[in-house]
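So the structure is just underneath, and the comments pick up after that.
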Amino acid sequence: MSRIIVVSNRTPGKGPAAGGLAVALRKTLAEREGFWFGWSGKLVDTPATDVRFEDIDGLSVAQIDLTRDDHHAYYAGFSNSILWPSFHLRLDLATIEAHWYEGYRRVNQQFAHALLPLLKADDIIWVHDYHLIPLASELRNLGARNRIGFYLHIPFPTSDALYAIPHHQELMRDLSRYDLVGMQALRDVAAFTEFAEHQAPATLSGSPLQAIDFGRTEVDAFPIGSDPDAFARLATSPAANKMVKRMELALHGQQLILGVDRLDYSKGLPQRVEAYEKLLANDPRFRRQVHMLQVAPPSRDTIKEYQATSDALDAICGRVMGRFAEPDWQPLTYVKRAYGQPSLAGLYRLARVGLVTPLRDGMNLVAHEYVGAQDPEDPGVLVLSRFAGAAEIFEDAILVNPFDTDETAEALRMALDMPRDERIARWQGLMAAARNHNVEDWSKSFLERLAPASARGTATRDILYLASVA
Ligand code: ADQ
């Protein structure tokens with residue numbers, strides 16, 4: 001059987017804190033052989049292509065170092081100040097510095113040069129996420145003929161947002177050099193298709209036309225998930241119980257509304273707290289009866305837009321405290337740090353409402369984890385943004401428009417007032433959906449589709465899109 005080579009910006013670290021994705025891919029690599037390739041986390045002064053292999057808890061990991069300047073242009077620059085905001089439809093938060101593209105390209109070239117000598121002819125390569133869109137092109141330019149797949153963990157943008165990205169046509173051409181492109185949701189595949197169709201030569205004039213040929217590229221939705229049964233077990237583990245006991249003491253019987261996110265503007269955190277403020281303002285019976293806990297560890301905090309989101313969240317949490325807190329009651333707790341999975345599982349299980357309201361999200365694994373951790377006899381309610389990929393899967397959640405804080409406040413009221421029978425019925429639907437989309441099946445189905453046609457016994461679907469290159 002072919003080896004699997006997983007490539008991502010960072011390789012998994014030591015210790016048990018790995019998320020579902022790392023656990024599932026570790027398992028795949030253990031069954032199939034292969035290694036995980038990525039940046040070591042180390043910054044150096046001169047570019048290097050030498051690769052260090054390391055065994056990390058039984059996983060074979062190959063790492064390279066990057067120069068400080070390249071890393072800045074590639075990671076904080078092109079990836080997270082241009083691609084991330086544009087793909088999340090936040091062009092207002094994008095910073096466009098043309099030279100970052102060169103650093104982005106250079107790092108992808110460096111990855112390709114370092115990876116190529118490690119490859120066997122029949123290795124299957126699985127590249128992850130927006131940092132590495134050009135990797136297949138760079139490998140193919142060096143002569144690699146392997147099957148190469150790409151998985152986009154974040155949403156695919158609408159055509160308008162894509163047009164705003166410098167070098168977007170090169171990026172689309174880069175996508176066409178993969179054999180398989182996987183996206184989170186059907187809406188992402190539809191956005192990709194729309195871009196490809198709008199790029200038809202007939203719609204443009206006055207520029208030299210050149211086709212981007214997607215004839216050898218399959219594009220499909222492969223919604224990622226978690227391991228909901230593992231979360232169910234974790235939620236009743238001693239470590240989770242410890243957290244539950246701590247929180248129960250603090251709650252004094254109040255119902256818990258829980259948010260768990262990286263501190264990122266895509267997660268809709270200020271809007272979420274505003275919705276909670278409206279709940280308390282509109283319906284005074286909830287005061288002293290509910291408590292909101294928002295866990296949001298800082299991420300990418302060297303980027304100024306992230307600092308601004310953090311400031312906005314500080315301000316609105318302060319406003320809600322000032323407006324509703326009493327000497328002996330606080331309406332909310334805001335914790336800016338990460339917790340281990342057992343503690344999170346305990347919090348999920350305790351929460352009457354899982355409030356997952358990103359403005360836009362590829363999938364959102366917190367929604368999956370919340371569902372997995374519930375008590376089947378007395379489950380909580382998932383309030384979910386309709387702009388998360390998870391909304392395509394979780395029909396039994398209360399779906400909201402996170403920009404409409406009145407609607408979210410009303411969803412909170414419904415969730416808090418929901419009778420147990422309805423909570424159980426909804427949760428059963430949610431848990432079935434979470435199991436149907438578990439992360440292990442996700443990994444298997446992507447790799448099955450990426451296997452050579454001879455190994456699958458099916459012919460590659462033919463898709464041909466024409467596009468123009470100005
Ligand atoms: P993220 O944007 O990071 O992932 P998400 O899917 O919610 O978002 O995954 C977050 C993971 O981090 C979860 O496993 C969660 O438990 C963990 N996490 C979040 N807050 C935490 C905290 N305070 N402490 C500890 N752990 C915390 C990107 C895309 C998503 C997509 C995933 C996977 O943006 O849309 O679902 O990749 O493809």
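The values are calculated or read from the model by the stated rules, or taken from the named source; none is laboratory data. None of these values were measured; they are calculated from a predicted model. Backbone-built Cβ (ideal geometry, glycine too); neighbour counts: all protein chains shown. Areas reflect the complete protein model, heavy atoms only, side chains present, ligands, DNA and RNA absent. Shrake-Rupley method; radii C 1.70, N 1.55, O 1.52, S 1.80 Å.
What pairs in LYS336/LYS444; LYS242/LYS267; LYS42/LYS267; LYS304/LYS336; LYS267/LYS304 have C-alpha atoms more than 24 Å from each other?
LYS336/LYS444; LYS242/LYS267; LYS42/LYS267
Per-residue counts of other Cβ atoms within 10 Å, averaged by peptide: what ranking do you get for 257-269, 337-349, highest first?
257-269, 337-349
Cα centroids of segment 256-271 and segment 99-128: how far apart, whole angstrom?
A separation of 34 Å, based on Cα centres.
Ignoring the sites themselves, what is the longest stretch of the chain with no GluC sites (Glu not before Pro) in a DSSP loop and at most 14 other beta-carbon atoms within 10 Å?
98-376
So what is the calculated 222 nm ellipticity per residue for the chain, using -39500 (n - 2.57) for each DSSP H run with n of 4 or more, over all residues, to the nearest 500 deg cm²/dmol?
-12000 deg cm²/dmol
Assuming a ≥ b ≥ c are the square roots of the Cα gyration tensor eigenvalues, decide whether segment 234-282 counts as rounded (a/c under 1.5), prolate (otherwise, with a/b larger than b/c) or oblate.
Oblate, since a/c reaches 1.5 and b/c is not below a/b.
Before anything else, pin down the relative contact order of segment 228-437: Cα pairs under 8 Å, at least 6 apart, normalised by residue count, whole percent.
Taking the mean separation of contacting Cα pairs over the length of segment 228-437, I get 27 percent.
Residues of segment 165-181 with backbone nitrogen within less than 12 Å of a virtual label 7 Å along the Cα-to-Cβ line of ARG216, please, listed as ranges.
176-180
Report, in debye and to the nearest 20, how large the dipole of the chain comes out about its Cα centre when Lys and Arg carry +1 and Asp and Glu carry -1 on their Cβ.
That gives the chain a dipole magnitude of about 780 debye.
Probe radius 1.4 Å, ligands and nucleic acids ignored: give me the carbon and sulfur share of the accessible area of the chain as a rounded percent.
Looking at the chain in its full context, I get 52 percent from C and S.
I want the local charge near THR309. Using Cβ-Cβ distances under 11 Å, sum +1 for each Lys or Arg and -1 for each Asp or Glu among the other residues.
Residues close to THR309 contribute a combined charge of -1.
What shape does segment 228-437 have by the C-alpha gyration tensor, where a ≥ b ≥ c are the square roots of the eigenvalues, rounded means a/c under 1.5, and otherwise prolate means a/b greater than b/c and oblate the rest?
Here segment 228-437 falls in the rounded category.
Within a Cβ distance under 12 Å of ARG435, other residues only, what is the Lys/Arg minus Asp/Glu net charge?
Result for the local shell: -4.
Given the peptides 123-132, 322-331, arrange them by the average over their residues of other C-beta atoms within 10 Å, most packed first.
Averaged packing, sorted descending, gives the order 123-132, 322-331.
Any idea of the accessible area per residue across segment 24-165, 1.4 Å probe, to the nearest Å²?
I get 38 Å² per residue for this part.
Mind listing which chymotrypsin sites (Phe, Trp or Tyr not before Pro) in segment 372-404 are in a DSSP loop and have 14 or fewer other Cβ atoms within 10 Å?
Loop-located and lightly packed - PHE403.
What's the local net charge at LEU279, with K and R +1, D and E -1, over the other residues with C-beta under 12 Å away?
So the environment of LEU279 carries a net charge of -2.
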